[in-house]
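K.L.:
Have a look at this one.
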Amino acid sequence: MGRYILRRLLQLIPVFIGTTFIIYSLVWAIPGNPFAGMCGPRGCPPAFIEQMTQEYNLDKPLPVQYVLYLGQLFSGNFGQTFNGIEVSTLIQNAYPVTLKLATIALVFEAVIGIAAGILTALRGKGFVDNLVLAATLFLIAVPVFVSGFVIQVVFGVQLEWIQPSVGSDPTIGQLIAPGLVLGSLSMAYIARLTRTAMFENKRADYIRTATAKGLKPRRVVSVHMLRNSLIPVITFIGTDFGALMGGAIVTEGVFNIHGIGGLVFDAIKTQEGVTVTGVVTLLVVVYLLMNLLVDILYAALDPRIRYD
Amino acid sequence: MSATDDSTGGSSESRLLEVEDLHVEFRTREATANVLNGVGYHVDAGETLAVLGESGSGKSVTAQTVMGILDTPPGFVTKGAIRYRGEELLSATEDRRRGLRGENMAMIFQDALSALNPVYTVGFQIAEQFRFRRGMSRKDAMAKAAEMLDLVKIPNAKQRVKEFPHQFSGGMRQRAMIAMSLALDPDLLIADEPTTALDVTVQAQIMDLLDELRRERGMGLILITHDLGVVAEVADRIAVMYAGRVVEESDAESLYKRPAHPYTEGLMESIPRLDQKGEQLASIKGLPPNLANIPEGCPFHPRCHRATDECRRKVPELLELRPGRYSACHFAEELISSE
């Protein structure tokens with residue numbers, strides 16, 4: 001197990017360098033002088049542009065720029081926006097919000113999705129199965145901004161059960177409705193994934209063996225069937241959490257949540273290259289670590305993976 | 001009407017297991033397949049009954065129905081009786097039947113790799129029975145599991161209980177499967193093609209092991225197979241199945257000497273023999289019948305070289321020709337007395 005983890009960690013290094021280099025070059029390859037629009041209609045004085053170009057190493061070749069940038073990053077310096085705000089401060093403000101929102105969405109999608117999947121598989125074909133299939137299809141078909149707006153208007157504006165606009169530094173309670181919206185799509189996928197896996201395993205030979213041993217049906221299902229069926233589901237949930245941690249631009253936008261998704265989106269719009277590269281690099285690291293976690297979990301759940 | 005009427009003549013209380021006139025249907029949306037059409041056989045304690053037949057003859061379905069692990073749907077028992085030590089099982093509660101499984105009757109399956117749960121250690125899967133049927137602690141149960149692996153001659157059992165099924169070789173896996181089935185000391189063991197997935201040399205080892213364990217424990221053993229070679233060495237009696245019925249039943253020796261059913265004849269002729277090298281291997285012409293549409297009369301008649309008009313009209317009953325020798329063929333008497 002230790003060697004497996006070590007190997008996976010080493011594999012992260014080239015992936016990290018590759019992705020961040022691509023991001024770095026893309027962001028600074030956007031045409032136009034990033035400082036051109038900073039000083040109002042008259043344009044910035046040449047001396048200012050020269051100073052900024054030097055400060056951000058823009059006069060050096062791209063690979064050198066990238067290495068210098070990485071060096072800064074590893075010493076904990078995310079740099080400043082052109083307005084002089086520390087990027088790390090921006091991240092510190094936005095990330096806890098994203099983390100809360102992602103966790104709510106994850107708990108929601110995992111609990112409801114897995115429960116619905118198990119229920120349908122155990123009941124077999126019939127009303128419950130059809131209900132879940134139709135409901136999940138509906139959730140998959142409806143775009144998040146639609147369900148987001150509907151919930152915002154109905155429960156926020158008309159019924160006033162929730163706050164339609166969340167604002168900065170929200171509480172867990174304020175994030176529950178947006179979390180449900182954010183997790184609804186994955187919940188539908190998880191329900192279907194669990195259902196399919198359970199149906200497949202229901203007729204597996206080892207389930208027959210477990211029954212032939214005289215184990216109680218409850219144990220056959222909860223120990224023998226469930227563990228095998230959850231392997232693909234856990235993989236999906238882990239990867240999805242990695243994606244959720246990258247922020248949710250649409251959901252954040254609808255409910256006015258100041259999370260990491262909005263931060264990146266605004267930074268791209270205003271050509272804040274330092275913010276974009278900083279935040280996205282962080283997101284890459286988070287995503288890679290989440291994937292590593294999934295792989296470790298996968299190996300823990302399925303012993304056949306461990307020793308290959 | 002069939003074998004069962006004749007065999008119930010014996011004292012049914014002393015029989016370990018008795019299957020009588022068992023009918024099972026598989027219902028799908030398209031059709032209903034008559035998978036078992038009046039199967040009857042019995043096993044006594046300490047005895048090996050071999051059940052022979054092609055794929056689809058109903059050998060495994062009978063076994064699963066006995067164990068109470070038939071998938072319903074699609075499988076439905078429509079008629080018949082299964083008695084374990086005189087106790088009728090088909091009308092017993094599911095709780096009672098679950099109680100019998102493992103404790104009184106156990107089953108080993110053909111492909112141990114898929115029959116063992118890939119995500120739990122072999123020891124866990126054996127120990128599970130001690131924990132949940134005997135109330136043992138995790139630790140004690142694991143120690144018992146190691147004893148069981150030792151019993152089936154798996155070397156280094158204390159280490160191997162911690163390993164997963166995929167880390168075992170084919171033969172070792174089947175041994176582990178046997179250990180698992182014997183954990184609660186059942187007195188009836190059903191082995192469903194236990195050696196089919198194994199190398200020839202390993203096959204012999206597993207058969208020897210099963211035979212030895214049966215003898216030591218005085219178990220009744222039902223050995224399901226399509227391999228006549230496997231049967232010859234260990235079976236006391238043989239029941240040959242075709243299209244969901246027993247078509248011949250006999251002690252092993254007499255059956256090998258002189259089969260009393262053309263189907264059994266065909267099976268025996270299809271065994272490769274060294275003295276017939278170079279000749280084309282004999283096979284039974286045609287295919288097993290479609291169970292949703294079994295031919296009228298003797299189900300074997302389309303493939304039988306002796307078939308007459310009578311065979312096409314009338315289903316032959318399973319009759320006792322000699323003491324302990326049964327055959328369901330209109331020509332059984334001719335076959336058995338021919339030289």
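K.L.:
Would you please give the residues with an amide H less than 5 Å from that of residue B:246, counting only those at least 5 places away or on a separate chain, with H modeled from the backbone geometry?
P.N.:
Here B:40 satisfy the definition.
K.L.:
Just need the relative contact order of chain B here, percent rounded to a whole number, with Cα pairs under 8 Å and 6+ apart. Mind showing how you got there, number by number?
P.N.:
Working: 654 pairs, mean separation 71.9, N = 339.
Answer for chain B is 21 percent.
K.L.:
Please find, in a Gaussian network model of chain B (springs between Cα atoms separated by less than 10 Å), the residue of B:33, B:282, B:176 whose mean-square fluctuation is greatest.
P.N.:
The residue that fluctuates most here is B:282.
K.L.:
Based on other C-beta atoms within 10 Å, arrange A:290, B:241 from fewest to most.
P.N.:
On the way: A:290 19, B:241 26.
In increasing order of surrounding Cβ atoms, one gets A:290, B:241.
K.L.:
Continuing with the same structure: From the Cα gyration tensor of chain A, with a ≥ b ≥ c the square roots of its eigenvalues, which class applies: rounded if a/c is under 1.5, or else prolate if a/b is larger than b/c, or else oblate? Write down the numbers at each step before the final one.
P.N.:
Numbers: a/c = 3.33, a/b = 1.67, b/c = 2.00.
Because a/c hits 1.5 or more and a/b fails to exceed b/c, chain A counts as oblate.
K.L.:
Provide Rg and Dmax in Å for the protein assembly as shown, with only Cα atoms included in the calculation.
P.N.:
Rg and Dmax of the protein assembly as shown, Cα atoms, are 34.8, 119 Å.
K.L.:
Continuing with the same structure: For residue B:146, what is the net charge nearby, where nearby means another residue's Cβ is under 10 Å from its Cβ and Lys, Arg count +1, Asp, Glu -1? Write down the numbers at each step before the final one.
P.N.:
On the way: positive: B:144, B:158, B:160, B:162; negative: B:147, B:150.
It works out to a net charge of +2.
K.L.:
Related question: Among B:254, B:169, B:60, determine the one that fluctuates most according to a GNM of chain B built with springs between C-alpha atoms less than 10 Å apart.
P.N.:
Maximum among the listed residues: B:169.
K.L.:
What ranking do B:15, B:96 get, fewest neighbouring Cβ atoms within 10 angstrom at the top? Let's see the in-between values first.
P.N.:
Numbers: B:15 20, B:96 12.
By the 10 Å Cβ count, ascending: B:96, B:15.
K.L.:
How many times 2.2 N^0.38 Å is the alpha carbon radius of gyration of region A:140-293? Kindly include the intermediate steps, with their values, before the conclusion.
P.N.:
Details: Rg = 20.5 Å, N = 154, 2.2 N^0.38 = 14.9 Å.
Ratio of Rg to 2.2 N^0.38 Å for region A:140-293: 1.37.
K.L.:
Would you mind checking which residues have amide H under 5 Å from residue B:85's amide H? H placed 1.01 Å from N; only 5 or more apart, or other chain.
P.N.:
Amide H neighbours of residue B:85, under 5 Å, 5+ apart: B:17, B:18.
K.L.:
Further question on the same structure: Please work out whether region A:39-193 counts as rounded, prolate or oblate from its C-alpha gyration tensor, where a ≥ b ≥ c are the square roots of the eigenvalues and a/c under 1.5 means rounded, while otherwise a/b larger than b/c means prolate and anything else oblate?
P.N.:
Values: a/c = 3.16, a/b = 2.24, b/c = 1.41.
Prolate shape, in that a/c is at least 1.5 and a/b is the bigger ratio.
K.L.:
Next up: If you fit an axis through the alpha-carbon atoms of helix B:122-134 and take the longest principal axis of the Cα set of chain B, what angle between them do you get, 0 to 90°, nearest 10?
P.N.:
Roughly 90 degrees, rounded to the nearest 10.
K.L.:
Please determine, in degrees from 0 to 90 and to the nearest 10, the orientation of helix B:138-151 with respect to the longest principal axis defined by the Cα atoms of chain B, where the helix direction is its Cα long axis.
P.N.:
With both axes taken from Cα atoms, the answer is about 50 degrees.
K.L.:
Using θ = phi - 60° and the Karplus form 6.51 cos²θ - 1.76 cosθ + 1.60, what ³J(HN,Hα) does each residue of region B:289-296 get, whole Hz, x for Gly and Pro?
P.N.:
Working through the residues one at a time gives x, 6, 6, 7, 8, 6, x, 5 Hz.
K.L.:
Quick check: the angle from helix B:170-182's long axis to the longest principal axis of chain B, C-alpha only, nearest 10 degrees?
P.N.:
For helix B:170-182, the angle is close to 80 degrees.
K.L.:
Picking from B:284, B:300, A:87, whose Cα lies most toward the positive end of the charge dipole for the protein assembly as shown (charges on Cβ: Lys, Arg +1; Asp, Glu -1)?
P.N.:
It is A:87, whose Cα lies furthest towards the positive end.
K.L.:
Which residues in region A:264-298 have a backbone N closer than 13 Å to a point placed 7 Å from the Cα of residue A:22 along the Cα-to-Cβ line?
P.N.:
A:284
K.L.:
Within 10 Å of each Cβ in B:118-129, how many Cβ atoms from other chains are there, averaged over the peptide? It would help to have the intermediate numbers written out before the result.
P.N.:
Working: counts 8, 12, 7, 1, 0, 0, 1, 5, 1, 0, 6, 3.
For peptide B:118-129, the averaged partner shielding equals 4.
K.L.:
Based on the Cα atoms of region B:167-272, what semi-axes does the equivalent ellipsoid have, where each is the square root of 5 times one gyration tensor eigenvalue, given in whole Å with the largest first?
P.N.:
Working from the Cα gyration tensor, I get semi-axes of 26, 16, 12 Å.
K.L.:
Then there is this: Can you give the FRET efficiency for residue B:92 and residue A:10, using 1/(1 + (r/R0)^6), R0 = 45 Å, r = Cβ-Cβ distance, to the nearest 0.05?
P.N.:
With R0 = 45 Å, the Cβ-Cβ based efficiency is 0.15.
K.L.:
Give me the dipole magnitude in Debye, nearest 20, for the protein assembly as shown about the Cα centre, with unit charges on the beta carbon: positive for Lys and Arg, negative for Asp and Glu.
P.N.:
Details: 61 positive and 68 negative charges, 293 e Å.
Here the size comes out at about 1400 debye.
K.L.:
Send over the Kirkwood Rh of region B:200-241, from the inverse of the averaged 1/r over different Cα pairs, rounded to one decimal Å. Please list the in-between numbers first.
P.N.:
Details: mean 1/r = 0.0912 Å⁻¹.
Here the Kirkwood hydrodynamic radius works out to 11.0 Å.
K.L.:
First select every other residue whose beta carbon is under 15 angstrom from the beta carbon of residue A:242; then total the charges, Lys and Arg +1, Asp and Glu -1. Could you put the intermediate results ahead of the total?
P.N.:
On the way: positive: A:8; negative: A:109, A:240, A:295.
The answer is -2.
K.L.:
List the residue ranges in chain A for DSSP H helices whose C-alpha atoms run 27 angstrom or more along the long axis and whose Kyte-Doolittle average is 1.6 or above.
P.N.:
On the way: long enough: A:2-28 (39 Å, 1.13); A:87-123 (52 Å, 1.39); A:172-202 (40 Å, 0.65); A:273-301 (41 Å, 2.12).
The qualifying helices are A:273-301.
K.L.:
From Cα pairs below 8 angstrom and at least 6 apart in sequence, can you work out the relative contact order of chain A, rounded to a whole percent? Walk me through the numbers before you get to the answer.
P.N.:
Details: 331 pairs, mean separation 79.5, N = 308.
Value for chain A: 26 percent.
K.L.:
So, with +1 on the Cβ of K and R and -1 on the Cβ of D and E, and no other charges, what is the size of the charge dipole of chain B about its Cα centre, to the nearest 20 debye?
P.N.:
Numbers: 40 positive and 51 negative charges, 258 e Å.
That gives a dipole near 1240 debye.
K.L.:
Using the Karplus equation 6.51 cos²θ - 1.76 cosθ + 1.60 (θ = phi - 60°), what ³J(HN,Hα) coupling, rounded to whole Hz, does each residue of region B:67-78 give in order, writing x for Gly and Pro?
P.N.:
So the Karplus estimates, Gly and Pro as x, are 6, x, 10, 5, 6, 10, x, x, x, 10, 7, 9 Hz.
K.L.:
Still on this structure, I have one more. Report the calculated FRET efficiency for residue A:141 and residue A:243 (r = Cβ-Cβ distance, R0 = 22 Å), to the nearest 0.05.
P.N.:
Working: r = 20 Å, r/R0 = 0.90.
Efficiency at R0 = 22 Å is approximately 0.65.
K.L.:
Need one value for A:299-305: mean number of C-beta atoms belonging to other chains within 10 Å of its residues' C-beta atoms. List each step's numbers first, then the result.
P.N.:
Details: counts 0, 1, 1, 3, 9, 6, 0.
The shielding value for this peptide is 3.
K.L.:
Specify the residue with the greatest mean-square fluctuation among A:214, A:247, A:156, computed from a Gaussian network of chain A linking alpha-carbon atoms under 10 Å apart.
P.N.:
Greatest mean-square fluctuation among the candidates belongs to A:214.
K.L.:
Using the structure shown, list the pairs from A:213/B:59; B:79/B:257; B:153/B:257; A:216/B:158; B:59/B:79 with a Cα-Cα distance above 24 Å, or answer none.
P.N.:
Details: A:213/B:59 20 Å; B:79/B:257 34 Å; B:153/B:257 35 Å; A:216/B:158 27 Å; B:59/B:79 17 Å.
Going by Cα-Cα distance, B:79/B:257; B:153/B:257; A:216/B:158 fall outside the 24 Å limit.
K.L.:
Describe numerically, in nm with one decimal, the distance between label points set 7 Å from Cα along Cα→Cβ at residue B:285 and at residue A:300.
P.N.:
6.5 nm
K.L.:
Once a ≥ b ≥ c are taken as the square roots of the eigenvalues of the Cα gyration tensor of chain B, is the result rounded (a/c under 1.5), prolate (a/b larger than b/c) or oblate (a/b not larger than b/c)? Could you put the intermediate results ahead of the total?
P.N.:
Numbers: a/c = 1.92, a/b = 1.55, b/c = 1.24.
Verdict is prolate for chain B.
K.L.:
Amide H of residue B:51: which non-local residues (sequence gap of 5 or more, or other chain) have their own amide H closer than 5 Å, using H built in the peptide plane?
P.N.:
B:223, B:224, B:225, B:239
Read the figures in this text as sums done on the coordinates, not as results from a lab. The shown structure was predicted, so the numbers you read here are calculated from the model rather than taken from an experiment. Cβ atoms come from the backbone with ideal geometry, glycine included; neighbour counts cover every protein chain shown.
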